[in-house]
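One structure is given here, and the rest of the page talks about it.
The numbers here are math on the coordinates, done by the rules we state, and not lab data. Every value quoted in this text rests on a predicted model; they were computed, and no experiment measured them. All Cβ positions, even for glycine, are placed from backbone atoms using ideal geometry, and neighbour counts span all protein chains on display.
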Amino acid sequence: MATKRLRPRTAARRAVVGTAAIATLALLAGCSAGSAAPASDGEPSGKLEILVSSADASDAAFKAINEAFEKKYPDVDVTFSSVSNDNYPATKSSRLTAGNVDIIVLKTFVEVPDYAKDSTSDDVLLAQAGGLVDLTDEDFMSNYTPSVLDAQAIGGKQYAVPTGLSYSTGVYYNKKIFEDNGLAVPTTWSELVKAMSTLTDAGVAPFGIGGKDTWPAGLAMLGSVAGLYPTADAKAQLAKNLWTGKAKLTDDVPEEVLEKTETIFQNAQDNFAGAGYDAIPAGFAAGDFAMTIDGTWNEPTIESAVNGAFDFGYFPLPTSDNAEDNAFLNGKIELQLGVASSTKNKTAALAWLDFFSDPKNYADFLAKSGFSSAQPDIPATPFLESIEKYTSTYQPAWDQVWIANNKAGQDAVYPFNYPALQPLGSSSAEKAASAAQSAWSAAF
């Protein structure tokens, strides 16, 4: 989850700019795209170092692209490194400092509102300092949907190739278990509560969650926000109100986000806090639980695990009692690929991005990664076609809107404090909300 994203990509929108990151920015500020290793006019050759944050499906898709690229350019030796989300920031920083990486995944790569300028992400600071190659005028950028590019522009310039879109607030469900228990797809919170009760009475765990990695449990939080703040404007207004002190995390609706997340945790499989994310597809395939909250990026892995044993579907987690509030999935721009200006092989790096961006190669990548397309006119997979009614209107997930304050404590990072909830932590929703508000208030 190269992510994927929260997800094999974390929920925190902004991390503290530490000493290592500052040192990296200082180093790369003097190493702009103009001072990087010059590109030759010939065919690309030499070593190409690619570093991404890991997820099974996207890793497999990248490997397929790399293999095809090396066939086209046999003089290029691609070294592909996939690092867990928790370790990715530190690994990226150290490799940028050492100058031994060419293409990297950029995190929280979006300009922030004026009220939160002090919390600009490390990678945006990197771009602003000249540490990333400006891709604006590269021909392959014209392959991508303009609105997607607009969403990731920094100072009106493009520094990243968007690998796709993913949706993070949906629920995979076992159609056979639902049918056996007389259940329909829930469209409201009350219907979901009834479904959870029916499954529990039948001896079936309603949800499977990979709590060991923490972030997968945060997908329940993202889904809760999606239903209770169902539009991009509602989420943006909440973020602004929290930053300006007009709202508190202990207010009724913000606390309700945690209450509903807590209810889902209480309906997860036994010992879910110790279950790894990578074990969930196998558990779902085995029928250990009826549902799992996961992103669309993981559909290829889940499909492989199920291997035709039963049909499964996907629906938005319904946390509002107004069905219209639960009508759309919330999502994000997936792994964004930038070129470090310190690259020793700019020619090969740009050739790789050009190869990746070719519509045919890109379609192959999407089919393996499970991402939705960031290019127009790319045919969708059958799975993505099956959820088109939930994706016809794009809604950003909360982790794409929220900007964490670098001065706030850990309890206010998300800021809905789901890691404090039992059994990940030791708190009730009320106590977790109170701790988050205290940590948030202390930052101002």
Original post:
Taking the DSSP beta bridges in the chain as the whole, what percent of them are antiparallel, to the nearest 5?
Top reply: 55 percent
**OP:** Excluding residues fewer than 8 places away in the same chain, name every one of the aspartates and glutamates whose C-alpha is closer than 14 Å to that of LYS63.
**Re:** GLU49, ASP77, ASP364
Original post:
For SER441 and ALA380 in the same chain, what is the full-extension length gain: residue separation times 0.36 nm, less their Cα-Cα distance, in nm?
Top reply: 17.5 nm
Original post:
Taking a ≥ b ≥ c as the square roots of the eigenvalues of the Cα gyration tensor of region 71-171, is the shape rounded (a/c under 1.5), prolate (a/b larger than b/c) or oblate?
Top reply: rounded
Original post:
Between THR244 and ASP321, what length in nm is gained on full extension when 0.36 nm per residue of separation is reduced by their alpha carbon distance?
Top reply: 24.8 nm
**OP:** Excluding residues fewer than 8 places away in the same chain, name every one of the lysines whose C-alpha is closer than 16 Å to that of LYS407.
**Re:** LYS117
Original post:
Fewest first, what order do TRP352, TRP398, TRP189 take by the number of other Cβ atoms within 10 Å?
Top reply: TRP189, TRP352, TRP398
Original post:
Under a point spin-label approximation (7 Å from Cα along Cα-to-Cβ), what is the ALA305-LYS194 distance to one decimal in nm?
Top reply: 2.9 nm
Subject >> region 93-193, relative contact order [Cα under 8 Å, separation at least 6], % >> reply: 21 percent
Subject >> Residue among GLY308, GLY182, VAL401 farthest towards the positive dipole end of the chain, charges placed on Cβ >> reply: VAL401
Original post:
When the Cα centres of region 408-428 and region 301-319 are compared, how far apart do they sit, in Å?
Top reply: 29 Å
Original post:
Rounded if a/c is under 1.5, else prolate if a/b beats b/c, else oblate: with a ≥ b ≥ c from the C-alpha gyration tensor eigenvalues square-rooted, which is region 385-444?
Top reply: oblate
Original post:
Any idea what the relative contact order of region 343-444 is, in percent, if you count C-alpha pairs under 8 Å spaced at least 6 apart?
Top reply: 18 percent
Original post:
What dipole magnitude, in Debye to the nearest 20, does the chain give about its Cα centre under +1 on Lys/Arg Cβ and -1 on Asp/Glu Cβ?
Top reply: 920 debye
**OP:** Would you mind pulling out the separation of the Cα centroids of region 91-127 and region 200-241, in Å?
**Re:** 26 Å
Original post:
Taking N as the number of residues in region 292-354, what value does Rg over Cα atoms divided by 2.2 N^0.38 Å take?
Top reply: 1.80
Subject >> Positive minus negative residues near THR136 (Lys, Arg vs Asp, Glu; Cβ under 13 Å) >> reply: -4
Original post:
How would you classify region 347-386 from its alpha-carbon gyration tensor, with a ≥ b ≥ c the square roots of the eigenvalues: rounded for a/c under 1.5, else prolate if a/b is greater than b/c, otherwise oblate?
Top reply: prolate
Subject >> Option label - Cα extents along the principal axes in Å computed here, alternatives (1) 82, 64, 45; (2) 61, 54, 45; (3) 68, 53, 35 >> reply: (3)
Original post:
Rounded to the nearest 0.05, what FRET efficiency is calculated for ASP252 and GLU179 with R0 set to 45 Å and r the Cβ-Cβ distance?
Top reply: 0.75
Subject >> Relative contact order %, region 124-250, counting alpha carbon pairs below 8 Å whose residues are six or more apart >> reply: 16 percent
**OP:** Starting from 0 in steps of 5 Å, tell me what percent of the Cα-Cα pairs of region 172-318 lands in each bin.
**Re:** 2, 9, 18, 21, 19, 14, 8, 5, 3, 1, 0
